[in-house]
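To start, the structure under review is shown below, and the notes come after it.
The values are calculated or read from the model by the stated rules, or taken from the named source; none is laboratory data. Source: prediction; values computed, not measured. Note that we place each Cβ from the backbone using ideal geometry, even for glycine, and neighbour counts take in every protein chain shown. The protein model used for the area step is the full one, side chains on, heavy atoms only, and it has no ligands, DNA or RNA in it. Shrake-Rupley method; radii C 1.70, N 1.55, O 1.52, S 1.80 Å.
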Amino acid sequence: MVGLLILSIFPLNQQLISVISIFMQFFAIFAFATCGGYSGQLRVSVDCMEKASSNLSIGIDFFYPFRLHQVSFEAPVCEGMRRERVFLIGDYSSSAEFFVTIAVFAFLYSLMATTVYIFFQNKYRENSRGPLIDFVVTVVFSFMWLVSSSAWAKALSDVKLATDPDEVQLLISACKVQTNKCGSVHGPRWSGLNTSVVFGFLNFVLWAGNIWFVFKETSWHKGASRLAAGASEKQAGTFNQQPYNQSSFDQAGNYSSQGNLGQLSEYSQVGGPTSYSNQM
């Protein structure tokens, strides 16, 4: 219903801006939901020489915002029933939180912009300040989407490395003893976080593509269009004067030719009797 309302009321450029802003909301939701709502788990096994000390399924849970240095788990030391607490390595919260923050603010702004486009269209177009602010904000969000998506993609690769079961085994002291056997039961699933990176760059493409349509609503573009229209009108007026001058030239030429014909006819009339008298 909203799409039909937009298509039936607004001009083409405003229709495109409104439709793009609606897509921005959904893409932003997917971006921060897939990243901010993530929780993963990996499992490793420690098989000691003393079977009673072994633990073949050690679960390690981690989640957003990926402060891995605060994630710990207990692993056997393979010396009686002793246990040690092991912490993961790395803090990737800054990139993750930055990405989610940009996504949330982009969603809020696109929601507000859509409301203005649909319900306050006249006020938006009659004041040149509104389109200019919209244009500047769109450019800023496009740049921020590119930066945050790139930073989060790099942080995600580091998170994958830090939570790789083979890397985690190196943190367990019992796994450094050759008589003990350590292995990975399963690793985390990364489909949700990979999707968040994809939606991050899709948001950048969407916002960057919308810059042109928002720019067309600003006074800068309309002023340039008016100058171009005025120049074309002057050229059209110059071309329109040329047929008029040509026609006036033709009229003058016809008039002079008619005058010469008249003189010739008079001359022939005068010469006619003269030749007759000579014959007499």
Karplus ³J(HN,Hα) for segment 151-163 (6.51 cos²θ - 1.76 cosθ + 1.60, θ = phi - 60°; Hz, whole; x = Gly/Pro) runs 5, 5, 4, 5, 5, 5, 5, 6, 5, 4, 5, 5, 9
Taking H as built 1.01 Å from N, whose amide H comes closer than 5 Å to the amide H of Phe66, not counting residues under 5 places away?
none
Straight-line reach from Lys216: which lysines have a Cα under 21 Å away, not including same-chain ones fewer than 8 places off?
Lys123
Report, ordered by chain and residue number, the aspartates and glutamates lying within cross-link reach of Lys176, taken as a straight Cα distance under 18 Å and ignoring same-chain residues fewer than 8 apart.
Asp47, Glu50, Glu74, Glu79, Glu84, Asp164, Asp166, Glu167
Apply the Karplus curve 6.51 cos²θ - 1.76 cosθ + 1.60, θ = phi - 60°, to the phi angles in segment 184-192 and return the couplings in whole Hz, x for Gly and Pro.
9, 7, 7, x, x, 9, 10, 4, x
Where does segment 9-216 land on Rg/Rh, using Cα atoms and the Kirkwood Rh?
1.22
Sorted by chain and then number, the residues having a modelled amide H within less than 5 Å of the amide H of Glu79, at least 5 places away or on another chain, are none
With a cap of 13 neighbouring Cβ atoms within 10 Å, and only residues DSSP puts in a loop, list the trypsin sites (Lys or Arg not before Pro) found in segment 66-106.
Arg82
Could you state the accessible area per residue of segment 84-142 in Å², with a 1.4 Å probe and every protein chain left in place?
54 Å²
Once phi for every residue in segment 66-72 is put through the Karplus expression 6.51 cos²θ - 1.76 cosθ + 1.60 (θ = phi - 60°), the whole-Hz ³J(HN,Hα) values, with Gly and Pro written as x, are 6, 8, 5, 5, 9, 8, 9
Taking the radius of gyration and the Kirkwood hydrodynamic radius from Cα positions alone, what is the Rg/Rh ratio for segment 85-138, to two decimal places?
1.34
Hey, can you grab everything whose amide H is under 5 Å from the amide H of Val185? Only 5+ residues off in sequence or another chain; H modelled, so Pro and N-termini drop out.
Arg43, Val44, Ser45
